[in-house]
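Enquirer: I am attaching a structure below and will ask some questions about it afterwards.
The values are calculated or read from the model by the stated rules, or taken from the named source; none is laboratory data. Predicted model only: the values in this text are computed from it and were never measured. Glycine gets a Cβ as well: all are built from the backbone with ideal geometry, and neighbour counts include every protein chain shown. Calculation scope for accessible area: heavy atoms of the full protein, side chains included, ligands and nucleic acids excluded. Shrake-Rupley method; radii C 1.70, N 1.55, O 1.52, S 1.80 Å.
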Amino acid sequence: MINVLRKGWRPASVLLLLFIAWELAVNLAEVPAWLLPPPTDIVQEAISGWEGFRFHLQSTVMLSLLGFAIGTGIGLLTAVTLHLLPFIRESVYPILILSQNVPIIVLAPLLVVWFGFGLLPKLIVITLVCFFPITVAALDGFRQTPDEFKHYMLMAGASKGQLFWKLELPYSLPSLFSGLKISATYSVMGAVISEWLGAKAGIGVYMTLASSSFRTDRVFVAIFAIMLLSLLFFGGILLAERLLIKWKSRESAVK
Amino acid sequence: MIQLSVEHLTKSFDTNQVLNNLSFHVNVGEFVSILGPSGSGKSTIFNLIGGMLLPDEGSIILGGEKIDGKRGSISYMPQTPSLLPWRTILQNVLLGQELKGETDSQTARKMLQKAGLGDYENAYPHELSGGMKQRAAFIRALLSPQPIILLDEPFSALDELTRLEMQKWLLDIWSEHKPTILFVTHSIEEAIYLSDRILILSSKPAKVTQEYNVPFNRPRMEELFLDENFLACKRNIHHALKNQ
Ligand SMILES: Nc1ncnc2c1ncn2[C@@H]1O[C@H](COP(=O)(O)OP(=O)(O)OP(=O)(O)O)[C@@H](O)[C@H]1O
Ligand SMILES: [Mg+2]
């Protein structure tokens with residue numbers, strides 16, 4: 001916690017300076033609020049509109065969490081399958097990379113055409129953006145397991161399952177967590193994009209309504225909410241990493 | 001009684017013949033060293049015995065049973081300690097048992113204590129010195145349930161003083177538990193100091209050119225290194241290695 005404060009004060013003060021400059025510039029140049037509202041307006045709107053916004057926020061949080069969980073599950077499953085079945089890896093891995101080149105913005109409306117406005121197309125969007133970083137990170141981790149460890153384990157009679165559970169999986173955890181951090185932040189973006197497609201609630205919906213009625217202050221409330229949410233997700237993963245990979249943090253502390 | 005016997009082993013990698021008709025045996029409770037120049041195929045012999053490779057010809061028999069290509073029949077200590085960084089020392093030394101079945105943490109704790117690692121039971125490998133890691137790796141091999149331990153140049157990465165200390169420690173622990181050991185080294189002194197019997201290997205392709213019974217009684221003290229007979233012994237083996 002002290003560490004967070006010690007490391008956090010610098011970016012925090014930069015951010016504060018930025019907001020002050022923004023406030024002054026908007027006031028001095030008399031920019032109309034629908035074009036660019038000053039930060040104080042945004043804060044005011046965030047407080048006064050909280051009751052209306054909370055409902056959207058909740059919906060997005062739930063959607064992101066659910067999508068992230070499913071994306072993580074599928075990402076891990078894909079990684080394990082590709083790792084244990086090299087034959088499938090060779091044929092499927094290039095296709096996975098291709099799947100990341102399909103622009104989500106284009107794919108999303110199609111998903112609505114195919115699956116309607118329900119939960120399913122939204123989860124598909126989030127899963128699509130979430131699973132890939134996890135699959136790549138986990139696969140890398142599995143494959144980078146040092147030969148000396150593998151050689152020992154095999155000489156000592158480890159079965160393929162033991163090799164995976166006792167060596168490759170724990171070895172890949174640090175790498176896996178870098179993937180999880182990326183996916184966690186992507187999941188919020190994915191959720192918002194999927195809400196643009198049409199939903200009853202969510203930050204995406206709130207944003208669309210706000211921008212079509214020129215409530216720029218509300219758009220900014222939404223933007224900051226998304227940033228904060230991503231940061232929180234990231235922090236959550238960081239915490240889980242600290243708890244799960246104790247040996248690593250102690251290792252770097254010694255060095 | 002013979003514990004391990006290697007019979008007429010031949011192995012090539014493509015056109016590179018590494019072993020040719022190699023035969024030797026290790027008796028129960030015996031400490032046998034394999035001495036040979038670098039690249040002569042010592043690790044290859046271990047990989048064959050450990051079932052990582054299949055021999056082109058010949059067979060490997062452990063306790064009367066053929067173990068060609070059967071992994072996990074022997075206990076192994078590699079050149080690098082290969083302790084898993086996310087496991088504590090106690091969890092690491094239990095790994096060999098864990099892979100084969102039941103673990104016995106009580107005995108493991110006792111052995112760690114005796115090896116001066118009692119305080120490091122719950123430490124992670126990176127908190128230990130090189131010598132301590134090798135001790136933990138040896139205890140892991142000793143605790144493993146297999147009837148023979150293969151050690152592949154376990155002390156070659158250590159500094160001179162630590163190596164000497166480790167050799168003494170290994171002798172102590174060997175005389176206490178009397179495990180059957182097959183030990184690879186390219187240090188003549190190490191081989192004489194530790195073993196009952198030394199197999200001298202020629203290179204390209206490897207064959208046992210000479211077998212040498214070490215004449216010194218146990219327990220062996222450090223002073224042995226300066227003994228005249230020890231030096232004579234060293235000279236003999238040196239010649240044998242040179243003149244092949
Ligand atoms: N998997 C392999 N594929 C091809 N060639 C190999 C393989 N393993 C070993 N060799 C070759 O076999 C020969 C003997 O290698 P090995 O590692 O057994 O020697 P060594 O006696 O253990 O050497 P050192 O003392 O340096 O450890 C070398 O020429 C090496 O190139
Ligand atoms: Mg070798």
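Enquirer: Here is a list: A:145, A:216, A:208. Which entry is in the same structural domain as residue A:84 (by TED's automatic domain parsing), among the β-branched types (Val, Ile, Thr) and under 30 Å from residue B:151 (Cα atoms)?
Expert: Sole residue among the options that is in the same structural domain as residue A:84 (by TED's automatic domain parsing), among the β-branched types (Val, Ile, Thr) and under 30 Å from residue B:151 (Cα atoms): A:145.
Enquirer: How many of the residues making up region A:143-160 are among the hydrophobic types (A, V, I, L, M, F, W, C) and either open to solvent by 10 Å² or more (accessible area, probe 1.4 Å) or more than 13 Å from every other protein chain (Cβ to nearest Cβ) (or both)?
Expert: 2
Enquirer: Another question, then. Assuming residue B:89 fulfils every condition listed in (1) of a type in the set (A, V, I, L, M); (2) in contact (Cβ under 8 Å) with a residue 40 or more places away in the chain; (3) open to solvent by 20 Å² or more (accessible area, probe 1.4 Å); (4) more than 16 Å from ligand 2 (Cβ to nearest atom) apart from one, which condition is it?
Expert: (3)
Enquirer: Another question about this same structure. Restricting attention to region B:7-33, which residues are more than 12 Å from ligand 1 (Cβ to nearest atom), among the polar types (S, T, N, Q) and surrounded by fewer than 22 Cβ atoms within 10 Å (Cβ to Cβ)?
Expert: Within region B:7-33, B:10, B:20, B:21, B:23, B:27 meet the criteria.
Enquirer: Any idea which of A:140, A:217 is crowded, with 17+ Cβ neighbours inside 10 Å, of a type outside the set (Lys, Arg) and part of a helix (DSSP H, G or I)?
Expert: Going through A:140, A:217 in turn, just one is crowded, with 17+ Cβ neighbours inside 10 Å, of a type outside the set (Lys, Arg) and part of a helix (DSSP H, G or I): A:217.
Enquirer: What's the total number of residues in region B:154-167 that are assigned to a helix (DSSP H, G or I) and surrounded by 14 or more Cβ atoms within 10 Å (Cβ to Cβ)?
Expert: Residues that pass the stated criteria total 6.
Enquirer: Still on this structure: Hey, any hits in region B:186-199 for a residue that's touching a residue at least 60 places away in the same chain (Cβ under 8 Å), over 25 Å from residue B:28 (Cα atoms) and buried (at least 17 other Cβ atoms within 10 Å of the Cβ)?
Expert: no
Enquirer: Take residue A:163 and decide whether it is within 14 Å of another protein chain (Cβ to nearest Cβ), at pLDDT 90 or above and open to solvent by 40 Å² or more (accessible area, probe 1.4 Å).
Expert: no
Enquirer: If you don't mind, there's one more thing I want to ask. If I filter region B:22-78 down to residues being in contact with a strand residue (DSSP E or B) (Cβ under 6 Å, 6 or more places away or on another chain) and among the basic types (Lys, Arg), which single residue comes out as farthest from the other protein chains (Cβ to nearest Cβ)?
Expert: B:66
Enquirer: What number goes with the only condition from (1) part of a helix (DSSP H, G or I); (2) closer than 24 Å to residue A:203 by Cβ that residue A:35 does not pass?
Expert: (1)
Enquirer: Which condition does residue B:18 not pass, out of (1) within 27 Å of residue A:161 (Cβ to Cβ); (2) assigned by TED's automatic domain parsing to the domain that holds residue B:186; (3) in contact with a Lys or Arg (Cβ under 8 Å, 6 or more places away or on another chain); (4) not in a loop (DSSP other than H, G, I, E, B), if it passes all the others?
Expert: (1)
Enquirer: Considering only residues that are in a helix (DSSP H, G or I), open to solvent by less than 40 Å² (accessible area, probe 1.4 Å) and not aliphatic (A, V, I, L, M), which ones fall in region B:214-233?
Expert: B:225, B:230, B:233
Enquirer: Are any residues in region B:34-86 at negative phi, in a loop (DSSP other than H, G, I, E, B) and more than 15 Å from ligand 1 (Cβ to nearest atom), and if so, which ones?
Expert: Within region B:34-86, B:67, B:68, B:70, B:71, B:73, B:74, B:81, B:83, B:84, B:85, B:86 qualify.
Enquirer: Also: Is it the case, given these coordinates, that residue B:98 is farther than 30 Å from residue B:120 by Cβ and either touching a Pro at 6+ places or on another chain (Cβ under 8 Å) or away from ligand 2 (no atom under 16 Å from the Cβ) (or both)?
Expert: Considered against the rule, which asks whether it is farther than 30 Å from residue B:120 by Cβ and either touching a Pro at 6+ places or on another chain (Cβ under 8 Å) or away from ligand 2 (no atom under 16 Å from the Cβ) (or both), residue B:98 comes out as no.
Enquirer: Here's something else I'd like to know. Tell me the residue from B:95, B:4 that is surrounded by 23 or more Cβ atoms within 10 Å (Cβ to Cβ), farther than 26 Å from residue B:158 by Cβ and away from ligand 1 (no atom under 14 Å from the Cβ), please.
Expert: Step by step, each of B:95, B:4 is checked, and only B:4 is surrounded by 23 or more Cβ atoms within 10 Å (Cβ to Cβ), farther than 26 Å from residue B:158 by Cβ and away from ligand 1 (no atom under 14 Å from the Cβ).
Enquirer: From the list B:192, B:188, which residue is within 16 Å of ligand 1 (Cβ to nearest atom), modelled with pLDDT of 90 or more, away from every other protein chain (no Cβ under 14 Å) and more than 20 Å from residue B:130 (Cα to Cα)?
Expert: B:188
Enquirer: Also, I was wondering about something else. Looking at (1) part of a helix (DSSP H, G or I); (2) in contact with a Ser or Thr (Cβ under 6 Å, 6 or more places away or on another chain), can you tell me which one residue B:113 breaks?
Expert: Only one criterion in (1) part of a helix (DSSP H, G or I); (2) in contact with a Ser or Thr (Cβ under 6 Å, 6 or more places away or on another chain) is unmet by residue B:113, namely (2).
Enquirer: Have a look at A:105, A:74, A:20 and point out the one that is open to solvent by 70 Å² or more (accessible area, probe 1.4 Å), among the aliphatic types (A, V, I, L, M) and touching a Phe, Trp or Tyr at 6+ places or on another chain (Cβ under 8 Å).
Expert: None of the other options fit; the residue is A:74.
Enquirer: Does residue B:180 satisfy being in the same structural domain as residue B:160 (by TED's automatic domain parsing), within 16 Å of ligand 1 (Cβ to nearest atom) and either over 25 Å from residue B:139 (Cβ atoms) or in contact with a strand residue (DSSP E or B) (Cβ under 8 Å, 6 or more places away or on another chain) (or both)?
Expert: It is false that residue B:180 is in the same structural domain as residue B:160 (by TED's automatic domain parsing), within 16 Å of ligand 1 (Cβ to nearest atom) and either over 25 Å from residue B:139 (Cβ atoms) or in contact with a strand residue (DSSP E or B) (Cβ under 8 Å, 6 or more places away or on another chain) (or both).
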